[in-house]
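S.K.: Sharing a structure with you now.
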Amino acid sequence: MAIVDLLEVSKKFGANLVLDGVNFSIDEKERIAIIGKNGGGKSTLMKIISGVYEADEGRVIIQNGINIQMLEQNPKFDETITVKEAINSQLKDIFDAIDEYHKTLNLTADDPHNSELLSKQNDLIKFIESKDGWNIENKIERVIEHFNLKEYENRPVCSLSGGEIRRVALGALILKKPDILLLDEPTNHLDVYMVKFLEDMLLNSKQTIVFISHDRYFIDKLATRTVEIDTGALRSFDGGYASYLIKKQEILSSLAKSHETLLKQLKSEEEWLRRGVKARLKRNEGRKQRVLSMREAAKKNPGIIRKVKLELERANVSFNHGGLSQNRKKMLFECKNLTKSLGGKMLFDSFNTRVLQGERIGIVGKNGSGKSTLLKVLLGELEPDSGVLKKGDIKIGYFDQSRSTISDDKSLIEIFCPNGGDHITVRGHYMHVYGYLKNFLFPKEYLDKPVSVLSGGEKNRLALAKLFTQQYDCLILDEPTNDLDIATINILEEYLMSFEGAVIIVSHDRYFVDKITNKLWVFEGSKINQTYMEYSEYLELEDEIDELEDLAKEAEKEQEIKQKEKTQNKKLSYKQNKILEEYPARIEAIEKRIKELNHALSNPEIYQKIGLQELFEELEEKKGDLQNMENEYFEVLSISENLG
């Protein structure tokens, strides 16, 4: 049953019809991704749902008592309070309910049959459980830690940057747990580790969520439904981004030839994503087997875990000094022992590398690790503290968030044709400026518009279009996908993949980095590790190393327990005996189902019938069941062996 319904809703801004008689519903516990071009109505739809905007026509029906809250782009807090106080203030209802519950406990101790008190206590319990509030202090600590706010928790919230304040607001809003959570680009200003934490928080919260995002891995992991806004109309697709690509191809295939280019692009994207999904499933299966075998081996020798962990860490950093074919390529940069610190913090120490023609390098790592500083050293804007940077006779194209190549007081045609006319030369090809700009999704009527009236995403799109008109040996891009919609990111990817020079990119967008780069520079502490893995694979390997560390701690604890239990004459309980008898068969059945699901996810004939999202969700559920069951079984087995 829908908890929100939009019926024949329209919304105009001036002469611009953004939503044209749309119908849209939200069911409980849905996670709906809203996608579409910038300026196409995504945020408008969210603001109509939240009540910020009123519909010009149509009806908005919200079920009684439903609480809807939206993450603001520029959140405001009382300037006098600290970060910790700001989060606590947003969760006052939960803290008040917990305090009131403890008061009723004391009162019912004296009057245990007071029906009014018992009813009130029951209502409080229901409210606290609906907000998942019993461990709220612990949850706040996790948000502060994982959103990299620990060093600021006692500082006035007004002293933080815009991105940091957004993280405070985002963490508090998720913990507040409204009935419907509206998130507009929640991954902006988050590094990849924060995004992974956010994904886990949202999945575990089981909230009803409507979100706008250009992060395609984030959409695929979270969305149970994807809704595309195009020319004022809505179209709904079951599942996440992968499912959307398949269904969108089916729709376009039945339409006119004018969609051939888009169809080809979608098909290429879907094939690339499917290959990646199959590779990840295979890697995850291998990782699971390794961890299971480690569990068994660790019982006899916990030291073996440390050995495997060291081997994985070495695999995580694969240096390539260049074979004959690489050495024949033109060398653009050479870094010898580059070292740089800022504000007393060592960012990178003794960094050695070469950048060759044709390489596409992704620079990745946590926020504040020094990625943008390294770019500025390569550009010559900052000097290294020590070491040598050799640069060939090369022309560099640079893109950053300041959009310094475009002026607000000029029109689009003046930006591209400063000396008049309406034709430009694009990498050796002479063409009409509109013919070029339509590739970047600018309609003809935009040519005479001043840059100042464009949105942030449109300005980024324009700056990228300007960048790609020139001939360069190397492109250096700092967070190029910020504020871009998926359609524009696809255009950017197409240009970068056809570019014959070197590309160096700083980005937190895992999907973008996986698709574009063939080499990574990963900031780890004061070192920059170099690897030829995909970024998502690198992160999975990091997860496996963390898992092995946890396993080593578990093994040590188990050994301590064994020693204690050797001194005690215990018998297994009835429940423990049942676990030993029944769990092996149940574990085997779950493992069989996981294999079936993995097979289904790698077979288009099966997953197109059932649905990628349904298969993924069942696979994740079965993996969780298996993990819990194995933990219980091995714990009881260990006790049994010690008693024996």
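The values are calculated or read from the model by the stated rules, or taken from the named source; none is laboratory data. Source: prediction; values computed, not measured. Cβ sites come from the backbone with ideal geometry, for glycine too, and all protein chains shown count toward neighbours.
S.K.: Please list, ordered by residue number, the strands (runs of 3 or more DSSP E) wholly in region 20-78 having 3 or more residues that are in the same structural domain as Lys176 (by TED's automatic domain parsing). Break it down stepwise before answering.
M.R.: Working: elements: 31-36, 57-62, 68-70.
Qualifying strands (runs of 3 or more DSSP E): 57-62, 68-70.
S.K.: Would you point out the residue of region 505-537, among those that are over 19 Å from Val355 (Cβ atoms) and over 17 Å from the mean Cα position of the chain (by Cα), that is surrounded by the most Cβ atoms within 10 Å (Cβ to Cβ)?
M.R.: The residue in question is Ser526.
S.K.: Return the residue satisfying two criteria in turn: it lies in region 386-419 and is small (Gly, Ala, Ser) and in contact (Cβ under 8 Å) with a residue 40 or more places away in the chain, and of such residues it is surrounded by the most Cβ atoms within 10 Å (Cβ to Cβ).
M.R.: Ranking the qualifying residues of region 386-419, first place goes to Gly397.
S.K.: Looking at Arg354, Arg314, can you tell me which residue is modelled with pLDDT under 95, under 14 Å from Gln530 (Cβ atoms) and assigned to a strand (DSSP E or B)?
M.R.: Arg354
S.K.: Follow-up question, since we're still on this one. Pairs, please: C-beta under 6 Å, at least 6 apart or cross-chain, first residue at positive phi and in region 182-196, second surrounded by fewer than 18 Cβ atoms within 10 Å (Cβ to Cβ)?
M.R.: His189/Gly163
S.K.: Condition check: without any contact (Cβ under 8 Å) to a residue 12 or more places away in the chain and either surrounded by fewer than 16 Cβ atoms within 10 Å (Cβ to Cβ) or of a type in the set (Gly, Ala, Ser) (or both). Does Asn67 satisfy that? Before the answer, list the steps.
M.R.: Values: without any contact (Cβ under 8 Å) to a residue 12 or more places away in the chain: no; either surrounded by fewer than 16 Cβ atoms within 10 Å (Cβ to Cβ) or of a type in the set (Gly, Ala, Ser) (or both): yes.
For Asn67, the condition - without any contact (Cβ under 8 Å) to a residue 12 or more places away in the chain and either surrounded by fewer than 16 Cβ atoms within 10 Å (Cβ to Cβ) or of a type in the set (Gly, Ala, Ser) (or both) - is not met.
S.K.: Evaluate region 624-634: report whether one residue or more is surrounded by 14 or more Cβ atoms within 10 Å (Cβ to Cβ), aliphatic (A, V, I, L, M) and within 20 Å of Ala223 (Cα to Cα).
M.R.: No: zero hits.
S.K.: Of everything in region 448-502, what is within 15 Å of Val513 (Cα to Cα) and either assigned to a helix (DSSP H, G or I) or not assigned by TED's automatic domain parsing to the domain that holds Val433 (or both)? Give them in sequence order.
M.R.: If the condition is that a residue be within 15 Å of Val513 (Cα to Cα) and either assigned to a helix (DSSP H, G or I) or not assigned by TED's automatic domain parsing to the domain that holds Val433 (or both), then Ile486, Ile489, Asn490, Ile491, Leu492, Glu493, Glu494, Tyr495, Leu496, Met497 are the ones that fit.
S.K.: Taking only region 197-245 into account, find how many residues are under 21 Å from Lys267 (Cα atoms), polar (S, T, N, Q) and assigned to a strand (DSSP E or B).
M.R.: Qualifying residue count for the region: 2.
S.K.: Tally up the residues in region 423-444 that are over 30 Å from Phe333 (Cα atoms), touching a residue at least 24 places away in the same chain (Cβ under 8 Å) and part of a loop (DSSP other than H, G, I, E, B), please.
M.R.: Of the residues in that region, 2 qualify.
S.K.: Let me ask something else. From the set of residues in region 148-159 that are hydrophobic (A, V, I, L, M, F, W, C) and either over 15 Å from Met194 (Cβ atoms) or modelled with pLDDT under 90 (or both), which is surrounded by the most Cβ atoms within 10 Å (Cβ to Cβ)?
M.R.: Here is the first cut: in region 148-159, the residues hydrophobic (A, V, I, L, M, F, W, C) are 149, 157-158.
Restricting the remaining residues to those that are either over 15 Å from Met194 (Cβ atoms) or modelled with pLDDT under 90 (or both) gives 157-158.
Working: Val157: 26, Cys158: 13.
Filtering region 148-159 for residues that are hydrophobic (A, V, I, L, M, F, W, C) and either over 15 Å from Met194 (Cβ atoms) or modelled with pLDDT under 90 (or both), the one surrounded by the most Cβ atoms within 10 Å (Cβ to Cβ) comes out as Val157.
S.K.: Right, next: Go through region 132-179 and report how many residues are outside any helix (DSSP H, G or I) and closer than 23 Å to Asp191 by Cβ.
M.R.: 8
S.K.: Of the residues that make up region 278-287, is at least one assigned to a helix (DSSP H, G or I), acidic (Asp, Glu) and at pLDDT below 80?
M.R.: Within region 278-287 (the criterion being assigned to a helix (DSSP H, G or I), acidic (Asp, Glu) and at pLDDT below 80), the answer is yes, since at least one residue qualifies.
S.K.: What number of residues within region 569-579 are assigned to a helix (DSSP H, G or I), exposed (fewer than 15 other Cβ atoms within 10 Å of the Cβ) and not aromatic (Phe, Trp, Tyr)?
M.R.: Residues in region 569-579 being assigned to a helix (DSSP H, G or I), exposed (fewer than 15 other Cβ atoms within 10 Å of the Cβ) and not aromatic (Phe, Trp, Tyr): 3 in total.
S.K.: Can you spot a residue in region 516-525 that is small (Gly, Ala, Ser) and either outside the structural domain of Gly365 (by TED's automatic domain parsing) or on the phi < 0 side of the Ramachandran plot (or both)? Write out each step before concluding.
M.R.: We begin by selecting, within region 516-525, every residue small (Gly, Ala, Ser); these are 525.
When the remaining residues are screened for being either outside the structural domain of Gly365 (by TED's automatic domain parsing) or on the phi < 0 side of the Ramachandran plot (or both), the result is none.
Checked against the condition, which is being small (Gly, Ala, Ser) and either outside the structural domain of Gly365 (by TED's automatic domain parsing) or on the phi < 0 side of the Ramachandran plot (or both), region 516-525 yields no hits at all.
S.K.: To continue, here is another question. Considering only region 508-529, state which residues are touching a Ser or Thr at 6+ places or on another chain (Cβ under 6 Å) and either of a type outside the set (Val, Ile, Thr) or more than 25 Å from Met346 (Cβ to Cβ) (or both).
M.R.: At the first step, the residues of region 508-529 found to be touching a Ser or Thr at 6+ places or on another chain (Cβ under 6 Å) are 509-510, 512-514, 520, 523.
Matches in region 508-529: Asp509, Arg510, Phe512, Asp514, Leu520, Phe523.
S.K.: Next question, about the same structure. Please verify whether Glu641 is assigned to a helix (DSSP H, G or I), of a type outside the set (A, V, I, L, M) and either in contact (Cβ under 8 Å) with a residue 12 or more places away in the chain or exposed (fewer than 14 other Cβ atoms within 10 Å of the Cβ) (or both), treating the condition exactly as stated.
M.R.: Spelling it out, Glu641 is indeed assigned to a helix (DSSP H, G or I), of a type outside the set (A, V, I, L, M) and either in contact (Cβ under 8 Å) with a residue 12 or more places away in the chain or exposed (fewer than 14 other Cβ atoms within 10 Å of the Cβ) (or both).
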